[in-house]
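S.K.: What follows is a single structure, and I will ask about it in a moment.
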Amino acid sequence: MSATLLLVTEVPVRESEADSAVKNWQEVHARHQDGRALYRSIDDRTLLELRPLTGDDDIAGLQDDARELWDALSPLLAGDFRRHLYSFVEAPKGCASALPDTPYVQLRRVEVKPPVISEYRAWRDRTIFEVVREADESEVFLAYHSLLSSEPGVLFVAGFSVDPARHNGVYETPAYDAILAEVRQKYIIPQGGDAGLYLKTYARIEA
């Protein structure tokens, strides 16, 4: 079953220290058998950790975990940690495990105008989610909403095994362009040059 609570941690690493950062992070994972997974961005020099949380996790435990990662990684980093906590909403394509068990994950994020969130959810079910349901390339597609984040809003976590270019082709059609135009016009808050649409792809790093 997909994680009810998801902690997303991303950090930029120095180019010369990327392999060392992966090694140190994996050593931290070896001490914590709690389902967390590590990924490397295919777009830039960042590492990503997805960590499912349960009701037993508390603030003190998260502080200890953050300290452990800081000690292991801070000499190797090009920037500070970005952490976001999300709550599960729904899944047009769920997974049996807490996280997608796929070679790639893709994060898509938008900030939706709060007064229209209910309308947006009904709209995305018959547009975005319908595309997802019909696409064999997208094996997992989970929808979350921010609980604690400096970048609030909706987070989609897509899991897939095919080449990223083939997966992206599902969402690079005239029909999907029309969906994007509609969501920009009606539902989301523009953020910078991407018109409110954030997209990033990561390859899973096996232990």
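S.K.: Filter the range 28-59 down to residues that are surrounded by 12 or more Cβ atoms within 10 Å (Cβ to Cβ) and not basic (Lys, Arg), then give me how many there are. Walk me through it before giving the result.
M.R.: Keep residues of the range 28-59 that are surrounded by 12 or more Cβ atoms within 10 Å (Cβ to Cβ), which gives 28-29, 34-42, 45-53, 57.
Narrowing further to those that are not basic (Lys, Arg): 28-29, 34-35, 37-39, 41-42, 46-50, 52-53, 57.
Result for the range 28-59: 17.
S.K.: What pairs come out if I take residues in the range 154-178 that are hydrophobic (A, V, I, L, M, F, W, C) and pair them with residues that are surrounded by 17 or more Cβ atoms within 10 Å (Cβ to Cβ) and in a helix (DSSP H, G or I) whose C-beta lies under 7 Å away, six or more apart or interchain?
M.R.: Phe160/His167; Val170/Val131
S.K.: With the checklist (1) without any contact (Cβ under 8 Å) to a residue 24 or more places away in the chain; (2) of a type in the set (Phe, Trp, Tyr); (3) open to solvent by less than 20 Å² (accessible area, probe 1.4 Å) in hand, flag the one item Trp70 doesn't pass.
M.R.: Just one mismatch for Trp70, condition (3).
S.K.: Just to be sure before I move on: is Leu62 surrounded by 15 or more Cβ atoms within 10 Å (Cβ to Cβ) and either under 15 Å from the mean Cα position of the chain (by Cα) or within 22 Å of Lys200 (Cβ to Cβ) (or both) in the structure I sent? Give the derivation first.
M.R.: Working: surrounded by 15 or more Cβ atoms within 10 Å (Cβ to Cβ): yes; either under 15 Å from the mean Cα position of the chain (by Cα) or within 22 Å of Lys200 (Cβ to Cβ) (or both): no.
Considered against the rule, which asks whether it is surrounded by 15 or more Cβ atoms within 10 Å (Cβ to Cβ) and either under 15 Å from the mean Cα position of the chain (by Cα) or within 22 Å of Lys200 (Cβ to Cβ) (or both), Leu62 comes out as no.
S.K.: Give the range 13-27 a look and list any residue that's open to solvent by less than 60 Å² (accessible area, probe 1.4 Å) and either farther than 22 Å from Pro103 by Cβ or touching a Cys at 6+ places or on another chain (Cβ under 6 Å) (or both), or say none.
M.R.: The answer is Glu17, Ser20, Asn24.
The values are calculated or read from the model by the stated rules, or taken from the named source; none is laboratory data. Quick caveat, the model's predicted, so the values are computed rather than measured. Note that we place each Cβ from the backbone using ideal geometry, even for glycine, and neighbour counts take in every protein chain shown. The accessibility values were calculated without ligands, DNA or RNA, using every heavy atom of the protein model including side chains. Shrake-Rupley method; radii C 1.70, N 1.55, O 1.52, S 1.80 Å.
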